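Data block below; observations after.
The values are calculated or read from the model by the stated rules, or taken from the named source; none is laboratory data. The model shown is predicted, which means the values in this text are computed figures rather than measured ones. Ideal geometry is used to build each Cβ from the backbone, glycine not excepted, and the neighbour counts take in all protein chains shown. Heads up: the accessible areas ignore ligands, DNA and RNA and are worked out on the full protein's heavy atoms, side chains in. Shrake-Rupley method; radii C 1.70, N 1.55, O 1.52, S 1.80 Å.
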Amino acid sequence: MYLKLTIILRTMMLLLNILVTTEGQTVVDGVITQYGQIGRNITLLCKTTGNRMAEWRLNDSEIIRTKDMELTGTSLTLFNVIESQEGRYSCHNLESGNVYSTVSLLLGYPPGKPQVACWSVRYPLNVVCSWKLENQTYLPTRINVTYRYGIGDAEHCSSEETLQGNCIIEDIQLFSKIPYTLKVTATNPLGFRSTINQFIVEKIIKPDPPTDVSVSPIPNQPKKLLLQWKPPVTWPDPSLFLLKYRIKYWPEGSTRYRMIEISDQTSYNLSGLRSRALYFVQVAAKDFVDNGAASDWSATVSARLWPN
């Protein structure tokens, strides 16, 4: 019985020290934390007995009244608030100077709609979904990420306070027409926004760019260059899940380029080139059966043709 009473008393003390009001404010040790949106009007209330007039101070300095604020009885309204008006507001007894109540005003913005993209860079091992917020909120903002396959139970992927991040989905279902559904929700004291993204794995395959791309002149071949590369290091098994490649090349000084596509190979002779010219080349990879999207282009490499 004594233990139960102790737990009840401690719980009541905690509730007295830390309260969450119906207006989304928090109260910690008698100090109210109030959140406001930059550019909007905000009203601060003084907790007094009766309807007494009060003096407001900001960070212990008397507030100089301007046309951008209004004092009505025990409330202070700030019009179109700006960042510099963030701070610790206190209202005081006009005669004694004693503090009636204190409000810590924090300013920012509600979260924007999360921007979400999902790609399978390491097909068939996993899918990586990345997200970022449209805007900086300047307030603690939590991102919650869940996903589900079909109508199955939602799986929790991430919950953190950061403007961008990744969710990795493993043990993915291959060759299925049933979509995955990813939901990203951003929440802070001023509101929340969600983005829902549905995808089928084979439609979001996107390899990383090829690596170790090189181009070199071929001895005694004044109109050919040898191009070589390796598959993306992140692609799990190029011998089983084949890739095809796109090659883009152009001579120095030209704004036009030629592009060709070749099947499963990692070298190619560029031919029919201008003698002695300097050529620039890039390579991209794509799933062999054309699922998803091509990779970004590799870094540009260059070489000059073998002289005549």
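Could you rank Lys113, Lys177 by how accessible they are, 1.4 Å probe, largest area first?
Lys177, Lys113
If amide hydrogens are placed 1.01 Å from N in the peptide plane, which non-local residues have theirs closer than 5 Å to the one on Ile205?
Amide H neighbours of Ile205, under 5 Å, 5+ apart: Ser120, Gly292, Ala293.
For region 70-208, which whole-number percentage of the solvent-accessible area (1.4 Å probe, protein heavy atoms only) is attributable to carbon and sulfur atoms? Spell out each step's value before the answer.
Numbers: 3480 of 7210 Å².
Answer for region 70-208 is 48 percent, counting heavy atoms of protein chains only.
Can you give the accessible area per residue of the chain, in Å², using a 1.4 Å probe?
59
What residues have an amide H closer than 5 Å to that of Ser158, excluding those fewer than 5 places away on the same chain, when H is modeled at 1.01 Å from N in the peptide plane?
Val145
Rounded to the nearest 10 Å², what accessible area does Ser130 show when all protein chains are kept and the probe is 1.4 Å?
Near enough 50 Å² of accessible area.
Under 15 Å from the Cβ of Asp153, count the other residues' Cβ atoms, weight Lys and Arg +1, Asp and Glu -1, and hand me the total.
Local net charge: 0.
Taking θ as phi - 60°, what are the ³J(HN,Hα) couplings along region 221-226 by the Karplus curve (6.51, -1.76, 1.60), each to the nearest whole Hz, with x for Gly and Pro?
10, x, 10, 9, 10, 9
Taking the Cα atoms only, what angle lies between the long axis of helix 2-17 and the longest principal axis of the chain, rounded to 10 degrees?
Between the helix axis and the principal axis of the chain, the angle is about 80 degrees.
How do the peptides 32-42, 179-189 rank, highest first, by the average count of neighbouring beta carbon atoms within 10 Å per residue?
Numbers: 32-42: 17.3, 179-189: 20.0.
Ranking the peptides 32-42, 179-189 by packing returns 179-189, 32-42.
Taking θ as phi - 60°, what are the ³J(HN,Hα) couplings along region 229-235 by the Karplus curve (6.51, -1.76, 1.60), each to the nearest whole Hz, with x for Gly and Pro?
Karplus values, whole Hz, x for Gly and Pro: 6, 10, x, x, 5, 7, 7.
Report, by chain and number, residues whose modeled amide H sits under 5 Å from the one on Phe280, excluding near sequence neighbours (fewer than 5 apart, same chain).
Close amide H contacts, sequence-distant or interchain: Trp250, Glu252.
Just grab the label-to-label distance for Gln115 and Asn144, each label 7 Å out from Cα along the Cβ direction, in nm (one decimal).
For the pair Gln115/Asn144, the computed spacing is 2.5 nm.
Please compute the alpha carbon radius of gyration of region 101-190, then divide it by the globular-protein estimate 2.2 N^0.38 Å. Two decimals is fine.
This ratio for region 101-190 stands at 1.32.
With the contact rule set at Cα under 8 Å and sequence spacing of 6 or more, what percent relative contact order holds for the chain?
It rounds to 13 percent for the chain.
Counting Lys and Arg as +1 and Asp and Glu as -1, what is the net charge of the other residues whose Cβ lies under 13 Å from the Cβ of Ser90? Can you show the working numbers first?
Working: positive: Lys47, Arg57, Arg88; negative: Glu55, Asp60, Glu62.
Result for the local shell: 0.
Distance from a point 7 Å along Cα→Cβ of Leu240 to each backbone N in region 250-289: keep the residues under 16 Å and list them by number.
Under cut-off, by backbone N: 288.
Cross-link partners among aspartates and glutamates for Lys47, C-alpha distance below 14 Å, same-chain residues fewer than 8 apart left out?
Candidates past the 8-residue exclusion: Glu55.
Please give the calculated 222 nm ellipticity per residue for the chain, where each DSSP H segment of at least 4 residues contributes -39500 (n - 2.57) and the sum is spread over every residue; nearest 500 deg cm²/dmol?
-1500 deg cm²/dmol
Could you name the lysines whose alpha carbon sits less than 18 Å from that of Lys244, not counting residues in the same chain fewer than 8 places away?
Lys203, Lys206, Lys230, Lys286
Can you list, largest first and rounded to whole Å, the semi-axes you get for region 222-308 by taking the square root of 5 times each eigenvalue of its Cα gyration tensor?
In descending order, the three semi-axes are 26, 13, 10 Å.
Hey, what do the phi angles of region 295-304 turn into as Karplus ³J(HN,Hα) couplings, whole Hz, using 6.51/-1.76/1.60 and θ = phi - 60°, x for Gly and Pro?
These are the phi-based 3J(HN,Hα) values: 5, 5, 6, 5, 4, 6, 10, 8, 7, 9 Hz.
Going Cα to Cα from Lys113, which lysines come in below 20 Å? Please leave out same-chain ones fewer than 8 positions away.
Correct list for Lys113: Lys132, Lys183.
What percent does the relative contact order of region 124-255 come to when contacts are Cα pairs within less than 8 Å and at least six residues apart?
With pairs under 8 Å counted, the relative contact order is 20 percent.
Compare the peptides 293-300, 241-248 by average per-residue count of other Cβ atoms within 10 angstrom and give them in order, highest first.
Answer by packing, highest mean first, reads 241-248, 293-300.
Below 11 angstrom from the Cβ of Ala293, what's the summed charge of the other residues (Lys, Arg +1; Asp, Glu -1)?
Combined, the nearby Lys, Arg, Asp and Glu give 0.
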